[in-house]
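Quick notes on the structure that follows.
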Amino acid sequence: MVTGQASGEDARLVAVLVMPTMAGAAPPGVDPGDFLAAVAEDTCELVAGLDFVTPVLVTGVPGLEEIVWPGTPIVEIDPELSGSALTEAAFTAVSAAVPYGRQAVLLSGDAPDLPALLIGKLFRALGRAQVAVCPAVGGGAVAIAAHLPYPEWARTGLDDPDPVRSLRDSAPGRRMVATGPGWHRLRAPGDIGWLDPGLEGWENTRDLLATGHHR
């Protein structure tokens, strides 16, 4: 079950974005579809465990209803979208699906071991900024947080090489963009080396990697 679900004027949303390209990070011996589902489910699980947020699944991949708890809003999005168009479409779709939301984090679905604390830091950053970014190792962003409706000037994507710079270049004022601690994403087969077995969570990904290489 989803715990601590928010409602009312100050509702906070955390939307997990799952796109078909995420299957490309599957290491040799692991089915790409199984990998995508496992990583996305772990990311959704960490969001479902957060207090005082409403989890949302935004997906360009069909058939992922089973990776979220019953009652979780599921928003379908064009699987061909990318870049700033994808970010803007995702935030717009989430706002329409959960109209009481006032702040939202768009979280990439390929961050199964992300510490929940980093999501909290993004929401805190929105206390002083219009948009906040959790940078990704190697460029891009793990998550982008914003007040809703999503600002028209905030043109960047999760795979923008330097989303913070892009946002600050387009923002009406430099203080409108905040940045928090960074983390890693699983964007290529070699990225599984970033996963720390000592961290709690990411059980589905952990189990799949343990068994997938022995098929």
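Please treat every number below as a calculation from the coordinates, not as lab data. None of these values were measured; they are calculated from a predicted model. Note: ideal-geometry Cβ built from the backbone for every residue, glycine included; neighbour counts use all protein chains shown.
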*With everything on Cα atoms, drop me the angle between helix 203-212 and the longest principal axis of the chain, reported from 0 to 90° to the nearest 10.*
30
*Per DSSP H run of at least 4 residues, take -39500 (n - 2.57); add these up for the chain, divide by its residues and hand me the 222 nm value, nearest 500 deg cm²/dmol.*
-8500 deg cm²/dmol
*Using the alpha-carbon atoms, what tilt in degrees (0 to 90, nearest 10) does helix 32-48 show relative to the longest principal axis of the chain?*
50
*Could you work out how far helix 116-125 tilts from the main Cα principal axis of the chain, as a 0 to 90 degree angle to the nearest 10?*
10
_Amide N of the range 152-179 lying under 17 Å from the label point, which is placed 7 angstrom from the Cα of Thr92 along Cα→Cβ_ = 152-158
_Only Cα pairs within less than 10 Å get springs; with that Gaussian network setup on the chain, which residue of Arg175, Arg187, Arg12 has the largest fluctuation?_
Arg175
*Cα-based Rg and Dmax for the range 11-209, where Dmax is the largest Cα-Cα distance (Å)*: 15.4, 48
*Among Leu17, Leu186, Leu106, determine the one that fluctuates most according to a GNM of the chain built with springs between C-alpha atoms less than 10 Å apart.*
Leu186
*Which percentage, to the nearest 5, of the DSSP beta bridges contained in the range 11-209 is antiparallel?*
35
_For the chain, size of Cβ-based charge dipole, Lys and Arg +1, Asp and Glu -1, in debye_ = 980
